[in-house]
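So the structure is just underneath, and the comments pick up after that.
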Amino acid sequence: MEFDFDAWTRLAKDDPQAFEYRRQDAIRSTIDSASVEHRRRLEGIQFQLDLERERSSTPLGACVRMNTLMWSGFHRLRKELNRVSSSRDDVSPQARTSANVISIQDYRERHRSDRASG
């Protein structure tokens, strides 16, 4: 779905009701196109955003509220990533960096010879 900012701006200015209808339709189709396991979460997020829009007396106020929600989610995610990352520090550096690396060519040749002899 391509987004034409100028067309949406004109629609919002010329016909606010049509703009709102198209906005809701675009949101609904975006959520519906998501995988089933993500839809409920997306609907919950959209519910929160709609609630913030209703609570605000101005579009700018709604924008500020939504921005606060976004940053709040970002900080929760960062905190969780830091927690997971710090638990990785408990593993020895050698355990994190060592691996048995094999040559793909050697692997293929081994499997060819196994099939030929089998």
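FYI, it's all coordinate maths here, none of it is from the lab. The structure displayed is predicted, hence computed values, not measured ones. With ideal geometry, Cβ positions are generated from the backbone for all residues, glycine too; neighbour counts draw on all protein chains shown.
Overview of values
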quantity: Neighbourhood net charge (14 Å Cβ-Cβ; Lys/Arg +1, Asp/Glu -1) for F5; calculated: +1
quantity: Under Karplus coefficients 6.51, -1.76 and 1.60, residue-wise ³J(HN,Hα) of the stretch 52-60 in Hz, glycine/proline x; calculated: 5, 5, 5, 6, 8, 8, 9, x, 5
quantity: Debye, to nearest 20: dipole size of the stretch 34-117, +1 on Lys, Arg Cβ, -1 on Asp, Glu Cβ; calculated: 20
quantity: For Kirkwood radius over Cα pairs in Å, calculated from these coordinates, the label among [x] 16.4; [y] 19.9; [z] 15.1; calculated: [y]
quantity: Percentage relative contact order, the chain, counting C-alpha pairs under 8 Å, at least six apart; calculated: 8
quantity: 222 nm mean residue ellipticity, helices alone, for the chain (DSSP H n ≥ 4; -39,500 (n - 2.57); rounded to 500); calculated: -27500 deg cm²/dmol
quantity: J(HN,Hα) series, the stretch 101-113, from Karplus relation 6.51 cos²θ - 1.76 cosθ + 1.60, nearest Hz, glycine and proline x; calculated: 9, 10, 7, 4, 4, 4, 4, 5, 5, 4, 5, 5, 5
quantity: Net charge, R108 excluded, C-beta distance under 15 Å - Lys, Arg +1, Asp, Glu -1; calculated: 0
